[in-house]
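The values are calculated or read from the model by the stated rules, or taken from the named source; none is laboratory data. Model, not experiment: these values are computed from the prediction. Cβ placement follows ideal geometry from the backbone for every residue including glycine, while neighbour counts extend to all protein chains displayed.
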Amino acid sequence: VPCKDRRLKQRSRFYGMEKTRSLLILYATETGNALDAAERLGREAERRGCPVRILSLDEFDPARSTSTLPSEKFVIFVVSTTGQGDTPNHMKAFWTFLLQRSLGRQWLENTRYAVFGLGDSGYQKYNFVAKKLDKRLADLGGIAIIEKGLGDDQHPSGYEGTLDPWMSSLWAMLYNENPLLFPKGVNISVSDMKMLHPPKVEITYLDSHEVYPQSLAEIDLKSFEKEIVTSQSMLFGKRSSDKSKPDCFLKMVKNHLISRPGCGKDVRHFEFEALSSTISYEVGDVVEILPGQNPEAMDAFIKRCNLNPESYIIVKHRNKDDFLEDGVTNVPINLKRFIELTMDIASASPRRYFFEVMSFFASAEHEKERLEYFASPEGRDDLYQYNQKERRTVLEVLEDFPSVNMPFEWLVQLVPPLKSRAFSISSSVLVHPNQVHLTVSIVSWTTPFKRKRSGLCSSWLASLDPNQRVCIPAWFHKGALPAPEPSLPLILVGPGTGCAPFRGFVEERALMESKAVPTSPILFFFGCRNEQNDFLYKDFWALHSQQGKVLSEEKGGGFYVAFSRDQPQKVYVQHKMREQSAKVWDLLSKGAAVYVAGSSNNMPSDVLAAFEDIVAEEGGVSREAAVRWLRMLEKGGKYHVEAWA
Ligand code: 2AM
């Protein structure tokens, strides 16, 4: 035993030395942006000769962090804030660990740390996770190398607008701490940065005589499910959780326009039926849908990249730690289907590193120069104008730089992954067995250069014909709106498509009532632009507002609608709430729960302010007391907000 002990000590001393000359980068991501930022930091550090280790916070085992984190000399945290100030899932265990009292005020006294946050200043709890992490690390004795950086989605260049200058200061400060970290100096110019790491994945091409799989309309569900699981685990390796297998496949059975044709808004009511296993969800839940891709765009991409659509491939991660040896990833998959299921070629804009890698593979000098400029800090704003602002797609970018011949390994790594999109469910499965309904605004807009753009998933759904059998992979999960008990009085605020979850609430409660289950009233504030154009589900609300029904005045509830553009001044849901303040207060004092849903601009905070006014006035208390009261309501699980962009 003593001998083993000594060996351990020697090893840890060795690690200790290593750790003073390397950076540990820990990230927590929900959508992958924080990983991008962490990798960018890592690349820039390595180019300056500084060894780095990049780990997701969930790979950084909290059970062992008691010893590991304090033994690190330099740690950079890159963390996203999600939803309403929430911690990314992968960070939850670490955060709980970090909050333990027993860690003490000197726990991190030997560690220098820096925090970079990714957030959106459009949300109330802007970069909340980065701020609380920074504070906690300091409370535990850690010393910040540099003031925390706060990346903002609202910045014209996104989070990178802050990351670039922050990173330059970080290198300078770290150099002061320990010049040995940067054997190549801290000021590396773009032309010196011509160091390309090998791509993270390796692709094996197989001669296969299998016929190309059927179209999504014909494919059998078992093969389709296998293809989804295989392609996701090939692309994401360890990061692909057991979630890659869809909960079920849906078939669209109804595609109805519910706004007035030609009114400038295109809102649809979609109904789906399960093709595979039965559907199971509660009202207020969310369904995620993996969108199909445009066949012409796929063909153009395959042609542009000189790929053979018939070939079969196996994608493996070079880093064995990322690779899942589970028999799923060794199954060859058709190349075209792999692209279709994993690579967003015709909707998302590529990130900056894509341009940098393109510059390596450009054979025309002028293209190479332009790409290098785009990838440099000086070119950041021009790249933003060209790329993000115009929502240039991967396909368009590749077509703009025809001399670039990027190997498929790089494309697999760098084309933004095709993401499933989440929608609030607008039905009750008790009322529509084996069905799920959605209320979707079809997103489209024009860029500054007058190019027409549309949301990938919503416009794909709108293009589907219910007479065709297209299999739609779907995952169900909880959102921010828990299903209420029938006996709970409700105050619902849902302008626009924010009414979606509440259609489910109302129809389910009506069903309960018809079964003689005791139910409490619902007070619903709806808002839209014009009575004639986008008064969604007008007849449905009218039906349930009839005498004695769930939304009726007699029952203590009500349905109020704000038409924002039917008169010179804007009238919003919060105006209607103030008009009905006595009723709102009455229900609140009877223990009602509040649910707010809809677009994430200013609506949720304006609505909260209206509640604060109402509680102060009707309750006869100060505004501060009203604010505290509503905070308690939220803490007690009775104030819920589901907001979307
Ligand atoms: P507007 O487009 O006329 O400004 C659904 O989108 C409805 O929500 C529209 O009537 C829209 O009005 C309204 N809306 C926009 N901003 C809002 C806010 N801050 N609070 C409440 N409703 C808002």
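Quick notes on this structure:
- Looking across region 328-351, the residues that are crowded, with 19+ Cβ neighbours inside 10 Å and polar (S, T, N, Q) come down to 329, 334, 342, 347, 349.
- Output for region 462-500, where each listed residue is under 26 Å from residue 516 (Cα atoms), within 16 Å of the ligand (Cβ to nearest atom) and not β-branched (Val, Ile, Thr): 492, 499, 500
- Whichever residue in region 476-507 is over 20 Å from the mean Cα position of the chain (by Cα) and of a type in the set (D, E, K, R) and, among such residues, is farthest from residue 552 (Cα to Cα): 485
Table: residues versus (1) in contact (Cβ under 8 Å) with a residue 40 or more places away in the chain; (2) more than 29 Å from the chain's Cα centre (by Cα); (3) farther than 19 Å from residue 633 by Cα; (4) exposed (fewer than 14 other Cβ atoms within 10 Å of the Cβ).
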site	(1), (2), (3), (4)
531	no, yes, yes, yes
562	yes, yes, yes, no
575	no, yes, yes, no
590	yes, yes, no, yes
594	yes, no, no, no
613	no, yes, no, no
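- Only a single item in (1) farther than 30 Å from residue 223 by Cα; (2) at pLDDT 95 or above is not met by residue 465, and it is number (1).
- Of all residues in region 581-639 being of a type in the set (Ser, Thr, Tyr) and more than 16 Å from the ligand (Cβ to nearest atom), the one that is farthest from residue 498 (Cα to Cα): 622
- Close contacts from region 80-102, counting a first residue that is among the hydrophobic types (A, V, I, L, M, F, W, C) and a second that is part of a strand (DSSP E or B) and surrounded by 16 or more Cβ atoms within 10 Å (Cβ to Cβ), with Cβ to Cβ under 6 Å and a gap of 6+ residues or different chains, come to 91/28.
- Those residues of region 501-519 which are of a type in the set (D, E, K, R) and either more than 16 Å from the ligand (Cβ to nearest atom) or closer than 18 Å to residue 563 by Cβ (or both), in sequence order: 507, 508, 509, 513, 515
- Number of positions in region 456-498 that are outside any strand (DSSP E or B), touching a Pro at 6+ places or on another chain (Cβ under 9 Å) and within 21 Å of residue 83 (Cβ to Cβ): 5
- Test: residue 561 is closer than 19 Å to residue 534 by Cα, in contact with a Phe, Trp or Tyr (Cβ under 8 Å, 6 or more places away or on another chain) and either more than 10 Å from the ligand (Cβ to nearest atom) or not in a helix (DSSP H, G or I) (or both): yes
- Top-ranked residue of region 533-543 - restricted to ones that are away from the ligand (no atom under 13 Å from the Cβ) and surrounded by 19 or more Cβ atoms within 10 Å (Cβ to Cβ), ranked as nearest to residue 264 (Cα to Cα): 537
- Yes/no for residue 159 being at pLDDT below 95, among the aromatic types (Phe, Trp, Tyr), surrounded by fewer than 18 Cβ atoms within 10 Å (Cβ to Cβ) and out of contact with any Cys (no Cβ under 9 Å at 6 or more places or on another chain): no
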